[in-house]
Structure formats: C-alpha cells, structure tokens
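S.K.: Just passing along the structure, written as structure tokens.
Just so it is clear, none of the values below were taken in a lab; they were calculated from the coordinates. Note that the structure is a prediction, hence the values are computed from the model and not measured. Here the Cβ positions follow ideal geometry from the backbone for every residue, glycine too, while neighbour counts run over all protein chains shown.
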C-alpha cells in the first residue's frame, strides 16, 4: 500500500493524519498516512529504509530545520527559508534519494491573499521560528513589508513585544501569529501585544487552528478586526505536499 507519514516529536495530535485518512476514504484510494513520533532525528534513515512503501513525509516541530542535513536536494523555496515540511522519497536501484520542500509558503499565501486589502501593506510577524521564516518569505513574495516581533527583538528588522506602541500598531494593519501560543490544551495563552490599539482595519491571522478561535483571535474580534485561523493554510499545504509526492517531475 502506498504510504505517507508525519515525523515530529511529540505528536500529541495530528491534523495531517486525520485529513489524509478522510481524503483517501472519500476518494476510495488504497493509500495510508501514518504518524512517526521519533525522539531522535537520527532515526529517520532507518525509518525510511524499514518502510519500503513510504513515498513521502511531512515534517513538524522540532525537525523542520534540522532535517535539511538528511536530504539530498532542497527546492529553492525550502533552501531560501531554511525549513522543510515536506520530503519526497525517491527509490531506485542505486538507492534512496530524499528531496525537501516547503509547502507552508504556498498554503499561507493562498489562504491570506483573498483577505488582503489595499491598506494591508505592512505586517507584524509574531515569533521567530521556522514558521515565521516561511511567513516572512510569503509576505515578501506578496509585496508586503514585515516587522518581526520576538521576546528580545535584537535581530535586524525586529522589535520586542514591549516596544510595540500605538504608532507601530497603526502602521502595521496585518498581524500574524506564528507562535504556538493558544494551541490546545494551553488555550488561555496568547501573544502579549497591545490589543487596545487594534482597529477595524486590522487583519489578525493565527497559524494555530486548534482551537478554531484562539485568545489572540478573540481579542482581535472584540476590537472589530478581521480574523482568520490556520486551518485553510493547513489544508492547502497538505494538498500541495500530496501533489509533490505524486508528481514525477515535481518542482
């Protein structure tokens, strides 16, 4: 049976497995999607070698950046971002070849595009991990400026949460949470930005999808802002991954 899977640690809950299992049942495909909770990324080569029917993997926390060292090829987007969430496994008589891709950029861009308005020219990107890099890359491709927000705010084009004031919030009408804050079961947590400065023209996008409405989004909704969670992004990036796994000349 043609198989796909997800690697990460821990895998307390998996959108991908549920999404693909339902897709395969709906489309009557004899395929399966498995979770591989591996505490050490060094286990990846033996995992792939031991599952001969495995043709593709998704990659989640904490391996999106480290997995590059195990790959034979990176597509330009993944190379620029420095993070991989999709691996294509190519098996031939000469051995196994692994290709790395990043479909988060595609998923985020397509899910955000229809919500953008002319005044959404500048964005605040909350967080500094691999997801933040994908978001910043996508924003640049959409022609938008970004300012990264982190705890220390010491990097170039970055500020700390304590430096966010009324003017900065007014200038940045798009705010994207790339941190895991608010994810189930820690639903009471949220990024500490000055929500009192939010207005109706603001658009708040949360990469978190469980729960559907995080505290971050609730606070924005209370101020009249437009809000969107990360579920559609996940669907789009998952379908993009599937296309890569099943296209011989995937790029």
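S.K.: Ranked from highest to lowest mean number of other Cβ atoms within 10 Å per residue, what is the order of the peptides 160-166, 86-92?
M.R.: 86-92, 160-166
S.K.: So what's the angle, to the nearest 10 degrees on a 0 to 90 scale, between helix 104-113 and the longest Cα principal axis of the chain?
M.R.: 40 degrees
S.K.: May I pose another question? Roughly what would the spin-label model give for residue 96 and residue 218, points 7 Å off Cα along C-beta, in nm?
M.R.: For residue 96 paired with residue 218, the spin-label model returns 4.5 nm.
S.K.: For a distance above 24 Å, tell me the whole-number percent of Cα pairs in the chain that qualify.
M.R.: 48 percent
S.K.: Taking the Cα atoms of the range 96-178 alone, what are Rg (to one decimal) and Dmax (as a whole number) in Å?
M.R.: 13.9, 54
S.K.: Just for the range 1-104, what percent of DSSP beta bridges are antiparallel, to the closest 5?
M.R.: Roughly 40 percent of the beta bridges in the range 1-104 run antiparallel, per DSSP.
S.K.: Arrange 1, 169, 43, 233 by Cβ neighbour counts within 10 Å, fewest through most, would you?
M.R.: Taking fewest neighbouring Cβ atoms as first place, the list is 1, 43, 169, 233.
S.K.: Computed from the mean reciprocal separation of all distinct C-alpha pairs, what Kirkwood hydrodynamic radius does the range 60-133 have, in Å?
M.R.: 14.0 Å
S.K.: At residue 243 and residue 201, where each label point lies 7 Å from the Cα along Cα→Cβ, what is the point-to-point distance in nanometres?
M.R.: Here the modelled spin labels are 3.4 nm apart.
S.K.: Assuming R0 = 41 Å, can you tell me the calculated FRET efficiency for the pair residue 23 and residue 171, based on Cβ-Cβ distance, to the nearest 0.05?
M.R.: Computed FRET efficiency for residue 23 and residue 171 comes out at 0.50.
S.K.: State the Cα centre-to-centre distance between the range 117-184 and the range 38-101 in whole Å.
M.R.: Between the Cα centre of the range 117-184 and that of the range 38-101, the gap is 29 Å.
S.K.: On C-alpha positions alone, give me the angle between the axis of helix 15-26 and the longest principal axis of the chain, in degrees, nearest 10.
M.R.: Long axis of 15-26 versus the principal axis of the chain: about 60 degrees.
S.K.: Right, next: Count the DSSP beta bridges whose two residues both fall in the chain, then state the antiparallel fraction as a percent rounded to the nearest 5.
M.R.: Expressed as a percentage, antiparallel bridges in the chain total about 25.
S.K.: Do you know the relative contact order of the range 42-100, to the nearest whole percent, from alpha carbon pairs under 8 angstrom that are 6+ apart?
M.R.: It rounds to 36 percent for the range 42-100.
S.K.: May I pose another question? For the range 105-233, max minus min Cα coordinate along each principal axis, in Å, sorted largest first?
M.R.: 33, 31, 29
S.K.: Dimensions of the range 157-251 along principal axes (Cα, Å, largest first)?
M.R.: Result for the range 157-251: principal-axis Cα extents of 51, 32, 24 Å.
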